[in-house]
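Below is one structure, written out as C-alpha cells, with a few remarks after it.
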Amino acid sequence: MAVTRSDADILSESNREKREEIVELLKRAYWMEIETVMSYIANSTNPDGVRAQEIVEALEQDIQEELGHAQQFARRIKELYGVVPGSLGFTPEQHSLQPPEQQTDIVHVIKGVIEAEREGIRFYNEVIEAADQVDWVTQDMVVDILRDEQAHLRLFEGFLREYQAEGRA
Ligand SMILES: [Fe+2]
Ligand SMILES: [Fe+2]
C-alpha cells in the first residue's frame, strides 16, 4: 500500500487545526516583515559618510522586497480563512536594528541586518516544516521568500567580511 497521506486539502474542515496553526505562523512572519520594513527605512536613511552609501543603497532595495514579503504573507493568511491583524497587534522585537549612537557606525547596521536576516531564516525554515505534507502552497511561497532572505544575508555577510579584512569590524 502507498504511503498514507491526508486526502484532504489544507482548506478542508478536517484540516482546520493545522490551518489555524499555520495562520498563526504566517501572522508572526507578517509582523517580522513589517518590522523589517520599518528598520530598513530607518537604517537606510540615518547613516552618514561615504562608506555608508553601498549599505544605504542595498537596504533601500531590500525595503521593497520585504514589503512584498509582507503582502504575500497577508494574502496567504486571507486564503487560509484567517484575518490579517491590525496595527494594535504589533509587538516590536528587532533590538539589533535600533539606530547606533553614531550615525557613521555602519558596522552596527551591517551586524544588525545579519542578525535580523538570520532570525528570519530560522523562523521561515520552521514554517516550511510546519507546512510540510499538508500545505504545499504556503511551503512553496515561504521557500521562495527564504531564498530572498538568504540572498540578503549573504550580501551583508560580504559587507561585514570587507570591514573585517580592513580591521574595522
Ligand atoms: Fe523578508
Ligand atoms: Fe530580508
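Remarks
- Heavy-atom SASA rank of Arg122, Arg161 (probe 1.4 Å, accessible area, largest first): Arg161, Arg122
- Label-to-label distance, nm, for residues given as Trp136 and Glu20 (7 Å Cα→Cβ offset): 2.7 nm
- Percentage, to the nearest whole number, of Cα pairs in region 62-105 over 12 Å apart: 74 percent
- The chain: most fluctuating residue of Ser14, Ser87, Ser44 per GNM, C-alpha cutoff 10 Å: Ser87
- Rounded to whole Å, sorted largest first: equivalent-ellipsoid semi-axes of the chain, Cα gyration tensor: 36, 17, 11
- Proximal lysines relative to Lys27, as straight alpha-carbon distance under 17 Å, when same-chain residues fewer than 8 apart are discounted: Lys18, Lys78
- Among Ile41, Ile77, Ile110, residue whose mean-square fluctuation peaks in a GNM of the chain (springs only between Cα atoms under 10 Å): Ile41
- Computed [θ] at 222 nm, helices only, for the chain once each DSSP H run of length n ≥ 4 contributes -39500 (n - 2.57): -24000 deg cm²/dmol
- In the chain, the longest principal axis of the Cα atoms and the axis of helix 53-79 are about 10 degrees apart.
- With q set to 0.12, 0.13, 0.14, 0.24 Å⁻¹, the log10 of I(q)/I(0) for region 75-165, from the Debye formula over equal scatterers at the Cα positions, is -0.52, -0.60, -0.67, -1.20.
- Range of Cα positions in region 123-169 per principal axis (Å), largest first: 49, 14, 9
- For Val50 and Asp144, a Förster radius of 30 Å and the Cβ-Cβ distance give a FRET efficiency of 0.30, rounded to the nearest 0.05.
- Between Arg161 and Gln98, the C-beta separation translates, for a Förster distance of 25 Å, into a calculated FRET efficiency of about 0.60.
The values are calculated or read from the model by the stated rules, or taken from the named source; none is laboratory data. Keep in mind the model is a prediction, meaning the values are calculated, not measured. Quick reminder, even Gly has a Cβ in these numbers, built from the backbone with ideal geometry, and neighbours come from all protein chains shown. These accessible areas exclude ligands, DNA and RNA; they are computed on the full protein's heavy atoms, side chains included. Shrake-Rupley method; radii C 1.70, N 1.55, O 1.52, S 1.80 Å.
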